[in-house]
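Contents: one structure, followed by commentary.
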Amino acid sequence: MKYMICWSIGPENYTVAMDNFLKSGAPMPEGLTSLGRYHAPGSSKGWVVCETENPRYLAEFIAEWSPVAKFEVTPVLEDAEAGKAVAKART
């Protein structure tokens, strides 16, 4: 399953979060694959699209960063998968 993780970092945590990111690169735990990570220039927001068969790995990643960031997680489908769901609903 693919997930989009949206994060935001409050000003009180920005320096710590950036230092941690620069030091570690914010790797995904084994079992969670990053498909792309995106940062909004000039803001403290960003997104990562990732994939896992077990959401526990997603929870591990979020738990590691939750002291310095807030998260919103959304399961996502690619066009082909969404199209199949829409086609089935229309029949």
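Every number here is computed from the coordinates shown, using simple stated rules; none is lab data. Since the model is a prediction, treat every value here as computed from it, not as a measurement. Here the Cβ is made from the backbone with ideal geometry for all residues, glycine too, and neighbour counts use every protein chain on show.
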Inset, instruction - On a 0 to 90° scale, report how tilted helix 55-65 is relative to the longest principal axis of the chain, with both axes built from alpha carbons and the result rounded to the nearest 10. - result: 20
Inset, instruction - Note the full-extension length gain between THR74 and MET4 as 0.36 nm times their separation in residues minus their Cα-Cα distance, in nm to one decimal. - result: 24.7 nm
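Would you compute, from DSSP H runs of 4+ residues alone, the mean residue ellipticity of the chain at 222 nm, taking -39500 (n - 2.57) per run and dividing by the full residue count, rounded to the nearest 500? Write down the numbers at each step before the final one.
Values: 3 runs with 34 residues, N = 91.
Result for the chain, helices only: -11500 deg cm²/dmol.
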Legend entry - Sum of side-chain charges, ALA17 neighbourhood, beta-carbon under 15 Å (Lys, Arg +1; Asp, Glu -1): +1
